[in-house]
Amino acid sequence: MLIKIFSYFFIAVLLTSMGCAKKEDSQDINDYAETIIFGRFILSSGCFESESCVEIFKISSKGLAEDINDNVPNNDGFYDGNFSTILTNSDYRQVETLFRTSIPKELLEMDSGSLGTFPSWNTNNYYFEYKSSKIHKHWIIDGSFDGSLGITLQNFIQKIQDAVNISTI
């Protein structure tokens, strides 16, 4: 009888430890963004210095903010803005939800730089910067929809445009 009880106890311990191992294996290993800087711009030669020519925003755990410098992003480095205009919590939640599941893994695996054809003076161009504990990259993305980006990135720049629209209302 004692052997039977010991066997049941051993099986219960074994099953419990296997269940714990499964939980550890299924832990979320994603590297979530700490900060995302995103926006839309038209090169100054085609924009005539309108305030809406450059719309850059930053989302982090502190909220959603708009850059007041409105400088045109470039490939020389990360965007250095003055994000002092804080937007509403509603806008923050909408943009955070939009980006939570839409950032293509394909993009995060690419090197920083320009994507698509050379940014044009007469089309929207997009800036996207992703900073997490393991990744810090930025891209200038052509918005001409000329087919040079592929469907995944074309769909993603539509998400960036949607985030800009939410943030500028």
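If you go through the range 135-147, how many residues are modelled with pLDDT of 95 or more and not in a strand (DSSP E or B)?
Summing the residues that are modelled with pLDDT of 95 or more and not in a strand (DSSP E or B) in the range 135-147 gives 1.
Considering only residues that are touching a helix residue (DSSP H, G or I) at 6+ places or on another chain (Cβ under 7 Å), modelled with pLDDT of 95 or more and not hydroxyl-bearing (Ser, Thr, Tyr), which ones fall in the range 114-134?
Hit for the range 114-134 is Phe128, nothing else.
Answer with yes or no whether Phe78 is at pLDDT 95 or above and in contact with a His (Cβ under 9 Å, 6 or more places away or on another chain). Break it down into steps so the answer makes sense when it comes.
Numbers: at pLDDT 95 or above: yes; in contact with a His (Cβ under 9 Å, 6 or more places away or on another chain): yes.
When the stated conditions are applied, Phe78 passes them.
Take the residues in the range 124-143 that are of a type in the set (S, T, N, Q) and crowded, with 17+ Cβ neighbours inside 10 Å; name whichever of them is farthest from the chain's Cα centre (by Cα). Give the derivation first.
To start, the set of residues in the range 124-143 that are of a type in the set (S, T, N, Q) comprises 124-125, 132-133.
From what is left, the residues that are crowded, with 17+ Cβ neighbours inside 10 Å are 124-125.
Working: Asn124: 19, Asn125: 16 Å.
Taking the candidates together, the pick is Asn124.
What do you reckon, is Phe83 part of a loop (DSSP other than H, G, I, E, B) and surrounded by fewer than 17 Cβ atoms within 10 Å (Cβ to Cβ)?
Working: part of a loop (DSSP other than H, G, I, E, B): yes; surrounded by fewer than 17 Cβ atoms within 10 Å (Cβ to Cβ): no.
Judged against the criteria, Phe83 is not a match.
Among the residues of the range 125-145, is any of a type in the set (A, V, I, L, M) and within 18 Å of Thr35 (Cα to Cα)? Can you show your working first?
Our first condition is that a residue be of a type in the set (A, V, I, L, M); within the range 125-145, this holds for 135, 140-141.
Subsequent filtering for residues that are within 18 Å of Thr35 (Cα to Cα) retains 135, 140.
Yes, there is a match, as at least one residue in the range 125-145 is of a type in the set (A, V, I, L, M) and within 18 Å of Thr35 (Cα to Cα).
Test Thr85 against the criterion of being out of contact with any Gly (no Cβ under 7 Å at 6 or more places or on another chain) and free of Cβ contacts under 8 Å to residues at least 12 places away in the same chain, and give yes or no. Full working, then the answer.
Working: out of contact with any Gly (no Cβ under 7 Å at 6 or more places or on another chain): yes; free of Cβ contacts under 8 Å to residues at least 12 places away in the same chain: no.
So Thr85 fails the test.
Within the range 88-124, can you find the residues that are in a loop (DSSP other than H, G, I, E, B), free of Cβ contacts under 8 Å to residues at least 40 places away in the same chain and out of contact with any Asp or Glu (no Cβ under 8 Å at 6 or more places or on another chain)? Walk me through it before giving the result.
Here is the first cut: in the range 88-124, the ones in a loop (DSSP other than H, G, I, E, B) are 88, 101-104, 109-112, 116-124.
Retained after the next criterion (residues that are free of Cβ contacts under 8 Å to residues at least 40 places away in the same chain): 88, 101, 109-112, 116-118.
Thr88, Thr101, Glu109, Met110, Asp111, Ser112, listed by residue number.
The values are calculated or read from the model by the stated rules, or taken from the named source; none is laboratory data. The structure displayed is predicted, hence computed values, not measured ones. Every residue, glycine among them, receives a Cβ derived from its backbone with ideal geometry; neighbour counts consider all protein chains shown.
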